[in-house]
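Worksheet for the structure shown next.
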Amino acid sequence: MKHILNLYENMNSTARNNSDCPAVILPEEIFFTVSIVGVLENVMVLLAVAKNKSLQSPMYFFICSLAISDMLGSLYKILENVLIMFRNMGYLEPRGSFESTADDVVDSLFILSLLGSICSLSVIAADRYITIFHALQYHRIVTPHRALIVLTVLWAGCTGSGITIVTFSHHVPTVIAFTALFPLMLAFILCLYVHMFLLARSHARRTSSLPRANMRGAVTLTVLLGVFIFCWAPFVLHVLLMTFCPADPYCACYMSLFQVNGVLIMCNAVIDPFIYAFRSPELRVAFKKMVICSWYQ
């Protein structure tokens, strides 16, 4: 993000004098390559669901929502690199009105990726809960039409929130609100998962077993949640440290890993499609058909 990068550069000039940790600089080619792979993989997920009627169910609609979030996170870095390239070639006026507007749009994509991922994982967790404990009523409760309405409202809210956060990103309350969303939403998801697995354990003792496919879906989404936390938590921690202790040498040491944390975010978009394919036989078959068809064409 432009605003975070600017703050990072300004605030850490003093901190680096008090710290022995040099900033870790990664080649832009790494960011660009990982971002391209992330976009292509998630486009494959979207195409697989769009081309296969058997995959056009609420659960896969929610997975597509998460894929779009991942794709936006990768697309952010690609567009940022393009803007930097055009500026270096002299096509953009440094710090001009167009570049400032373009930076705000790109930053909005980044925030939208995080908010969309959190909200998509929350909806998926609720969907799995209903699937397991209200299996007989699931198709009446969660219809494709209702799923699309939920996703429309979700993305409208995320878009409005993303624009607001970027607009007021220089204010400390905005940073606090932004970083607070991460642990609050994750706490909700984790509580729902813990409750779900405790009820599943109790239900399994009273009855023969839970539907294997339903529990498999819950495990898959637990893995997705773990990967999301692993990839995004370092960046959120970086924002907090940058806001509250920018001059502290220990905080500066951690903030020297800013670009590494950025690569982790890009990796989230690359890892998720592999999890879909590994855990979902239907998606795996759809991916194979797409690859085979493209190969023979």
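The values are calculated or read from the model by the stated rules, or taken from the named source; none is laboratory data. Predicted model, so just to flag it, every value in this text is computed and none were measured. So basically every Cβ, Gly included, is an ideal-geometry build from the backbone, and we count neighbours across all protein chains shown. What goes into the accessible areas is simple: the full protein's heavy atoms, side chains included, and nothing from ligands, DNA or RNA. Shrake-Rupley method; radii C 1.70, N 1.55, O 1.52, S 1.80 Å.
Quick look at the numbers
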| quantity | calculated |
| --- | --- |
| Portion, in percent, of the accessible area of the range 25-287 that falls on carbon or sulfur, probe 1.4 Å | 73 percent |
| Accessible surface, the range 25-287, averaged per residue in Å² (probe 1.4 Å) | 49 Å² |
| Modelled label reach - Ile149, point 7 Å along Cα→Cβ, the range 97-138 residues with backbone N closer than 17 Å | 127, 138 |
| Contour excess over end-to-end distance, with Cα ends at Val291 and Ala187 and 0.36 nm allotted per residue | 33.6 nm |
| From phi via Karplus (6.51, -1.76, 1.60), per-residue ³J(HN,Hα) for the range 241-256 in Hz, x at Gly/Pro | 5, 5, 7, 9, 8, x, 8, 6, x, 5, 5, 5, 4, 5, 5, 5 |
| Cα centroid separation - the range 246-269 against the range 19-57, whole Å | 19 Å |
